[in-house]
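The values are calculated or read from the model by the stated rules, or taken from the named source; none is laboratory data. Quick caveat: nothing in here was measured; it's all calculated off a predicted structure. Positions of Cβ are backbone-derived with ideal geometry, glycine not excepted, and every protein chain shown enters the neighbour counts. Areas reflect the complete protein model, heavy atoms only, side chains present, ligands, DNA and RNA absent. Shrake-Rupley method; radii C 1.70, N 1.55, O 1.52, S 1.80 Å.
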Amino acid sequence: MIVNSAPTVRSRVSSVSARLYVDAILFRLPNIYARAHEDLLAVWNASQSGEGSPEEFEAEWDCFSRDLKHEWRRVYLVSHVFLMVILALNIYTARDAVANSFLVLANIAAYIACFYGFSYTVLMPDISGVQHGERWMQGAERLAASSWRSLPMILAASSASIVWAMLALFACLLCMYAGLLGLYEPPAVDPDRVLQIPLGICVALGSVALVGLAHFGASFWAVRKLVCGPSGVVRSRGGVDETPVADVERVGLLENDKPADAEGDK
């Protein structure tokens with residue numbers, strides 16, 4: 001009886017922790033992506049069952065992929081703006097450990113968002129075209145059963161990094177403003193210490209950086225698999241029809257096996 005209940009307990013713990021992760025860390029942003037993807041999924045299912053035409057799915061996928069690419073570009077641009085602001089504020093928070101801690105957190109979140117934007121806009125192949133849309137939907141069905149790697153959670157990670165950078169930067173500005181007004185006394189600065197941030201906060205910030213980078217790697221790899229598909233697929237960025245490598249080789253063999261007289265007639 002205990003053996004049979006163990007998977008259920010693990011699944012419940014995973015489901016509850018994933019829900020807390022969505023609500024507390026990702027700010028419920030996956031719910032927005034879930035609603036947008038449900039509309040795309042409805043058109044996909046209709047086209048597969050014969051109730052809808054493939055042209056409707058192609059038009060819906062073009063709209064979805066275009067909006068997704070625009071969002072990735074905005075994340076890339078906004079992350080650069082945050083990094084420039086953080087660099088400018090670094091001079092004024094050097095003697096305030098609390099404000100500097102929030103600034104480091106904003107810096108980590110902005111860099112992670114920059115990694116997302118750069119990877120999705122530069123390193124990711126073009127996702128336009130119905131071939132990419134069909135492959136995307138097939139991969140999304142496999143990810144739907146996962147509590148931690150569902151497609152809405154993966155797509156919301158880049159926007160959540162921007163939100164974390166904005167909140168941390170706002171907290172840093174509040175600390176600076178409170179210090180200027182004399183509402184609180186910043187911690188004393190020890191000139192003999194190289195790192196003014198307390199060790200506990202350094203460990204927490206390092207953990208945030210490691211978890212954020214791990215989530216970035218998993219998200220980027222999952223999205224790239226959705227776009228690129230299996231390794232035996234010839235990819236293109238110009239919207240050209242893609243043909244498996246095995247089919248390309250088979251066509252080449254058929255061309256080589258043509259009789260010589262047929263070639264002479266040409």
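From the list Val81, Val98, Val85, Val43, which one is free of Cβ contacts under 8 Å to residues at least 24 places away in the same chain, open to solvent by 30 Å² or more (accessible area, probe 1.4 Å) and in contact with a helix residue (DSSP H, G or I) (Cβ under 8 Å, 6 or more places away or on another chain)?
When all the criteria are applied, what remains is Val43.
With respect to Ala59, is the statement that it is touching a Pro at 6+ places or on another chain (Cβ under 6 Å) and either farther than 30 Å from Met176 by Cβ or of a type in the set (A, V, I, L, M, F, W, C) (or both) true?
no
Working only within region 21-35, note down all residues that are assigned to a helix (DSSP H, G or I) and surrounded by 11 or more Cβ atoms within 10 Å (Cβ to Cβ).
Passing the criteria: Tyr21, Val22, Asp23, Ile25, Leu29, Pro30, Asn31, Ile32, Tyr33, Ala34.
Is one or more of the residues making up region 127-148 under 19 Å from Arg73 (Cα atoms), open to solvent by less than 20 Å² (accessible area, probe 1.4 Å) and either modelled with pLDDT of 90 or more or part of a helix (DSSP H, G or I) (or both)?
There is no residue in region 127-148 that is under 19 Å from Arg73 (Cα atoms), open to solvent by less than 20 Å² (accessible area, probe 1.4 Å) and either modelled with pLDDT of 90 or more or part of a helix (DSSP H, G or I) (or both).
Looking only at residues in region 101-126 that are over 19 Å from His215 (Cβ atoms) and in a helix (DSSP H, G or I), which one is nearest to the chain's Cα centre (by Cα)?
For region 101-126, the residue satisfying everything is Val122.
Just for region 101-124: of the residues that are without any contact (Cβ under 8 Å) to a residue 60 or more places away in the chain and among the aromatic types (Phe, Trp, Tyr), which one is surrounded by the most Cβ atoms within 10 Å (Cβ to Cβ)?
Only one residue fits best here, namely Tyr111.
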